[in-house]
Amino acid sequence: MPFIYFGENSDIVEIKESKISGAGQGLFAKKKIKKGDFICWYYGVYVDRASVENGYYESDYLLTLRGQDLVIDASDPLSCYGRYINDSLSMKKTNSSFVSYENTYSAGVKAIKDIKKGDEIYISYGIEFWEEPSRKNKLSQKDREYIEENNDEI
């Protein structure tokens, strides 16, 4: 995958070791982010939605855009800051959500709560991500219900 765009929000966010054990890197606020503020883009390579739905293409960094025939794959570490946002599996910790833009194949991330400087940014990956057998057992019933209620296919 080629370099897409990296650096659009270096004054807002930074990549550091996640507070979630075993998660690797995460995305952190470099300054206070207010509820409703734009945080970063979610860019990558575009993949045919049918290929993904039929199991011909897999990645842990796929984002399905509602009403679009393409899916964004941000698996390249240089694709965007949004790829570094982890799912905390906690209703209390989730502080951002995906947002799509009409007539474009792009998505961004916005704050759904005020985020303090230094806080890790968390998003819900949605129930489909957690349906994978290797991930399914990691969910509590409460977290599973939360994900089902807040499924963020954009």
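The values are calculated or read from the model by the stated rules, or taken from the named source; none is laboratory data. Bear in mind the structure is a predicted one, so any value in this text is a computation, not a measurement. Protein only, heavy atoms only, side chains kept; ligands, DNA and RNA dropped before computing areas. Shrake-Rupley method; radii C 1.70, N 1.55, O 1.52, S 1.80 Å.
How far is the Cα center of segment 73-129 from the Cα center of segment 27-68, in Å? The two parts, judged by their Cα centres, are 8 Å apart. Cross-linked pairs 16/110; 16/93; 31/142: Cα-Cα separations exceed 24 Å for 31/142.
Solvent exposure of segment 1-126 amounts to 53 Å² per residue of accessible area, where only protein heavy atoms count and the probe is 1.4 Å. The equivalent ellipsoid that matches the C-alpha gyration tensor of segment 46-100 spans semi-axes of 22, 13, 11 angstrom, in descending order. Across the accessible surface of segment 22-64, with the other protein chains kept in place and a 1.4 Å probe, carbon and sulfur atoms take up 44 percent. Ellipsoid fit via the Cα gyration tensor, segment 1-113: semi-axes of 23, 16, 15 Å, each the root of five times an eigenvalue, largest first.
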